[in-house]
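Single-structure report; data block below.
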Amino acid sequence: MIEIRNLGITLGEFHLHDVNLTVHDGEYMVLLGETGVGKTVVIECIVGIYRQNHGSILVDGQDVTALYIEERNMGYVPQDYALFPNLTVYNNIAYGLATRKMPRDAIAAKVEPMMDLLNVSHLRSRLPLNLSGGEMQRTALGRALVTEPRILLLDEPLSALDENTRSELSAELRRIHDAVGGTFLQVCHNFEEASDVADRIAILNAGTVVQTGTIDEILSEPASPFVARFTRTRNILDARAEACSGGCVLALGGEHTLDCSREATGPVTVAIRPEKISILPAGAAISENNCLSGHIVRTRLKPNHAEITIETDRGPTLIAYTPRSAVDGTLTEGSSVCARIAPGDIRVFHKDAT
Amino acid sequence: MNSSNDNTAIGVHNGRATGMRSRAVIFTAIFYFITVMLMLAVCWLFLSNVDQLFPREDTVRTEAMDAWRSDEPTKEFAGGCWRFPSFWRSVNLTVVSATVTTLIAAILGIPAAYALSRYKIPGRAVIDVLFSSVIVLPASSVGLCLVVMFQYGPLHDILDGWGIHVPLSVPGIVVVQLVLSLAMGMSAWRAAFDGVKPRFEHVARSLGASPWRSFRTVTLPSARAGIFAGLILAWTRAAAEFGGVLTFCSTFEQFSPELFSPIIRALHLHKADPLAVNMWAQIEYGNVEYGFAIGFVLVMISALSVYVLHKIGGKGYIW
Amino acid sequence: MSESARQTVSTRATPPKRGTRSVWPVICLIAVLLILSAYLLLVVSNVVYLTGIDEASFSSVAQLLKDLRRGIHDILWFFTSGRMSSRFWLTVKTASISTMLSLLVGIPAGYALSRFRFPWPNLTRTLIDLPVMVPPAAVGVFLFGVMHGWPVKPLCEMIGISFAHNTNGVILVQFVVTVSFCARLMKSSFDGVNPHFEQVSRSLGASLPRTFWKLTLPLAKRGIIASTIVVWARAAAEWEALMLFVGGTEAETDVMPFAVYLDWNGGMMGWVASYSIACILLAVASMAAVRIIAGKSYLW
């Protein structure tokens, strides 16, 4: 188990403060954040490249801050993989074991199954210079995994790859994780990429971890408007809340009000996930609760869903996702509809939260 | 850009485009011309003296007698320099001293360049400036600084106490050569280590390698071309050293052998001068064709090393 | 497959033991320290020699202060005398003129080397770099040969210009030694300017010369200024070729590096030490200026 407690470091323009993170054994954790927020610095602190200004890094309850890089036994796969250009794929993977002065056949006994697992056996005598992105990544993974590190740290392993290989390789990463049963911590800036592989996600913003949880938890209960925005909650609206029994009533501008099952008062920020908005024919507003009437201004077909922009009457603009198959004559641009949102699907934040 | 369409903005520009084209051609031609002239001038500088290798009848007759050679000057190619043991002793001394210098420079300079490239050393900028300034230091200054340091300064008293006498000796030659070849070598080694991303070392160390092991197995092989370039630069600079050797060690062709240690005598280093110094001495004593022959040898050494340097693609900082 | 992998990797590799600290970083730092102290000793011994401080000075504080005061007085005398300033200004004058001439050739040649294609690239590069690596003494000898050979000697006589034993010769030597060095440095300065800028500029309708003057030169400005300083410092440090080509003439060819040697032959060690210090100061100052202006740049 890796525990990061109140980690703080200042490094050029990066300021991390009070980063708290726990990675359990056998877990695939993803550290998510925007570019330039200092995710890589967290990884590099765990590896030991930088020493934190305060806070501690505990491995199985033991503080490793005073240890040198080579004493920590952390697997590290940097963004550019940093395969040693002078060594073949085999020797790259065997590097860590050779460093431990293992006999030659013992090294082979460990490296061979690892190369089989990663499908790089056919590349054994190639130099890294002429490997494809995926092959380089698998080699770098093998090199880090073969020494059985306490934790495998992956720094944006997929960002240097093109779109098609990326989805293949994230599935591959997950398969490898399950096969070796190791503890993985990956850094990533793309929520979709993270949701492909992660058991749990930690979101880093403004130099600290703002939320940790499973994908489901983060999607349904974002801790702040930032997390909501980061996880592609497209509808972030300003509203006024008034307390009522069992929750509150939100005034959204125009005459629109929504019932919400959460308690709040005063000016608030409202987050509604686009797939939680259901689109009903215009007349339904009278019979259904929590309906906002308006008309469609734009319909866009995406690969997996249709994105529909609804302008409510004198109120906010909403974006809703429906299955592509639901797009028919009634959902064309200009037609009047009403958007229904269940009271439990609305997330409210106090105005001063970011 | 189609010339038939003269209503559009492109058409308007078309009239200027032809003028621009001729201007570009003239500009390119002038620049090419200057560069080619520079190259030709270099060729001419080194090749127009080839005739010195073939002494004419009158030069042989009028030249002052060779002070250092017992036999008469001949009409042979390059004065027949290869037949004289003094020439080969010169080559021997140059090669041995330059190689020893390069070894010392590598032992000192490679770790130092690595430290300057990787570690946060206080005042690193100042150290960089001091080291690089050696490249634009006059050779006479270097030599005389060494003379003052070893013959007049406090160091002299200390070394005298130990019975070590550096100036006017073969180790003295190595000391002089070391100053410049270390500066040249370090410029290349610095560049070589800066060219290897520290990330490689971080990964190697995360896999359990010690700093030394990660340096030896990852950094050194990756920086191989630069390291070789530095060695070549250091060796060439050491072999080319003239002014410093002349001022610090003088010419010791005529020194009696008893002044030299048995090791030096065993290696036949005592009755010779480095090539560059020998060239100067021969010309001073009127042995022009012999001097030029040595000059050509020096040019060949430099040309070869520069060519190899470009072939392996070494880099070097100048500042 | 994954099953077998799980089996073989189930035995944990032993983590490296603690306490196996490497001495390698320490060795590296010691090497820096050694070189640095040797360099400082080299410079400081000159100053110590000039002040005349020796073991006897350390007998008492009063003696030391007295010797120090005398030493500083001596140094000031050397550095304010007319002999120093005349040679200093001669050095500055010749180096500046030869640097100017080098720039005239070096900037176009550097640009051409950086941007245009030449046949046999390794050979042309070797030719340009040759005078940088050939011992300057050999350059002096060869220059002597050229100046006394066929087209040049009659030509000089016709024009009535002489390069022997006068300042012209000094400038010529400095020019020959620095011109290809200058082209080399300019090439690396222009290499630092991305050709994309030029392509965009030309796509916007600027001619090649206009692009060069208005875009490439200003973009490479820092590099060019820094290179100019290096070339100047190199010219001001030239001695070996001078000695073989022009020989020593009072007030004509005795630029500072040469004066060091001439005065040493004349046995004036005080002057030798002060000229050496002046040369070192000049070299360090120019390198510091370069470092401030351009940061760091590749030569090769």
Revision key, fill the gap. Note on the range C:156-183: residues at pLDDT below 90 and either more than 18 Å from C:Ala236 (Cα to Cα) or of a type in the set (Phe, Trp, Tyr) (or both) are C:Cys156, C:Glu157, C:Met158, C:Ile159, C:Gly160, C:Ile161, C:Ser162, C:Phe163, C:Ala164, C:Phe181
**Study point:** Selection from the range B:263-319 of residues that are among the β-branched types (Val, Ile, Thr) and facing chain C (nearest Cβ under 8 Å)
**Key:** B:Ile283, B:Val299, B:Val306, B:Ile318
Exercise for review: Can you confirm whether the range B:234-244 contains a residue that is buried (at least 22 other Cβ atoms within 10 Å of the Cβ), part of a helix (DSSP H, G or I) and charged (D, E, K, R)?
Suggested key: yes
Review point. Looking at (1) assigned to a strand (DSSP E or B); (2) open to solvent by less than 40 Å² (accessible area, probe 1.4 Å), can you tell me which one A:Pro267 breaks?
Key: (2)
Review point. Quick check: anything in the range C:153-161 within 27 Å of B:Phe242 (Cβ to Cβ) and crowded, with 17+ Cβ neighbours inside 10 Å?
Key: no
Review point. Are any of the residues in the range C:184-194 over 27 Å from the mean Cα position of the chain (by Cα) and open to solvent by 30 Å² or more (accessible area, probe 1.4 Å)?
Key: no
Exercise for review: Confirm whether A:Asp352 is open to solvent by 20 Å² or more (accessible area, probe 1.4 Å), under 25 Å from A:Gly246 (Cα atoms) and of a type in the set (D, E, K, R).
Suggested key: yes
Check your understanding: Taking the condition under 20 Å from the mean Cα position of the chain (by Cα) and open to solvent by 30 Å² or more (accessible area, probe 1.4 Å), does C:Leu130 pass?
Key -> no
Review point. Is it the case that the range C:74-82 has a residue that's in contact with a helix residue (DSSP H, G or I) (Cβ under 6 Å, 6 or more places away or on another chain) and either within 13 Å of chain B (Cβ to nearest Cβ) or free of Cβ contacts under 8 Å to residues at least 12 places away in the same chain (or both)?
Key: no
Review point. Identify, please: which residue in the range C:264-276 is facing another protein chain (nearest Cβ under 9 Å) and surrounded by fewer than 24 Cβ atoms within 10 Å (Cβ to Cβ) and is, among those, modelled with the lowest pLDDT?
Key: C:Met269
Study note, to complete from the structure: A careful count of residues in the range B:107-123 that are touching a helix residue (DSSP H, G or I) at 6+ places or on another chain (Cβ under 6 Å) and more than 7 Å from chain C (Cβ to nearest Cβ) gives 4
Review point. Taking the range B:144-165, which residues are assigned to a loop (DSSP other than H, G, I, E, B) and open to solvent by 20 Å² or more (accessible area, probe 1.4 Å)?
Key: B:Tyr152, B:Trp162, B:Gly163, B:Ile164, B:His165
Check your understanding: Conditions: (1) within 27 Å of A:Val30 (Cα to Cα); (2) more than 9 Å from chain B (Cβ to nearest Cβ); (3) touching a Ser or Thr at 6+ places or on another chain (Cβ under 7 Å); (4) not in a helix (DSSP H, G or I). A:Leu154 meets all but one. Number of the miss?
Key -> (3)
Check your understanding: Does A:Lys110 satisfy the condition of being among the basic types (Lys, Arg), within 11 Å of chain B (Cβ to nearest Cβ) and out of contact with any Pro (no Cβ under 9 Å at 6 or more places or on another chain)?
Key -> no
Review point. What is the one condition in (1) more than 9 Å from chain B (Cβ to nearest Cβ); (2) buried (at least 18 other Cβ atoms within 10 Å of the Cβ) that C:Phe142 does not satisfy?
Key: (1)
Check your understanding: In the range A:76-106, what count of residues is obtained for those that are facing another protein chain (nearest Cβ under 10 Å), of a type in the set (Val, Ile, Thr) and out of contact with any Gly (no Cβ under 7 Å at 6 or more places or on another chain)?
Key -> 1
Study note, to complete from the structure: Of all helices (runs of 4 or more DSSP H) fully inside the range C:1-114, the set with 2 or more residues that are within 30 Å of C:Ile225 (Cα to Cα) and modelled with pLDDT of 85 or more is C:24-51
Study note, to complete from the structure: Checking B:Trp88, B:Trp44 in turn, the sole residue that is modelled with pLDDT of 85 or more and of a type outside the set (Asp, Glu) turns out to be B:Trp44
Check your understanding: Which of (1) touching a Cys at 6+ places or on another chain (Cβ under 8 Å); (2) open to solvent by 40 Å² or more (accessible area, probe 1.4 Å) does A:Cys260 not meet, given it meets every other one?
Key -> (2)
Revision key, fill the gap. Only one of B:Ser181, B:Ser133 is open to solvent by less than 30 Å² (accessible area, probe 1.4 Å), within 7 Å of another protein chain (Cβ to nearest Cβ) and either in contact (Cβ under 8 Å) with a residue 60 or more places away in the chain or in a helix (DSSP H, G or I) (or both), namely B:Ser133
Check your understanding: Tell me, which strands (runs of 3 or more DSSP E) wholly within the range A:292-342 include 3 or more residues that are in contact (Cβ under 8 Å) with a residue 60 or more places away in the chain?
Key -> A:336-341
Point to revise | Residue check for C:Leu123: open to solvent by 40 Å² or more (accessible area, probe 1.4 Å) and within 18 Å of B:Leu309 (Cβ to Cβ) | key: yes
**Study point:** Residue selected from the range C:204-230 under the condition open to solvent by less than 90 Å² (accessible area, probe 1.4 Å) and more than 30 Å from the chain's Cα centre (by Cα), by the criterion farthest from C:Leu103 (Cα to Cα)
**Key:** C:Gly205
**Study point:** Out of A:Thr22, A:Thr35, sole residue that is under 22 Å from A:Gly181 (Cβ atoms), open to solvent by 20 Å² or more (accessible area, probe 1.4 Å) and more than 14 Å from every other protein chain (Cβ to nearest Cβ)
**Key:** A:Thr22
Check your understanding: Only one of C:Ser180, C:Ser188, C:Ser207, C:Ser227 is touching a strand residue (DSSP E or B) at 6+ places or on another chain (Cβ under 8 Å) and at the interface with chain B (Cβ under 10 Å from one of its Cβ atoms); which?
Key -> C:Ser188
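The values are calculated or read from the model by the stated rules, or taken from the named source; none is laboratory data. Keep in mind that what you see is a predicted model, and the values were worked out from it rather than measured. FYI the Cβ positions are ideal-geometry reconstructions off the backbone, even for glycines, and counts take in every protein chain you see. What goes into the accessible areas is simple: the full protein's heavy atoms, side chains included, and nothing from ligands, DNA or RNA. Shrake-Rupley method; radii C 1.70, N 1.55, O 1.52, S 1.80 Å.
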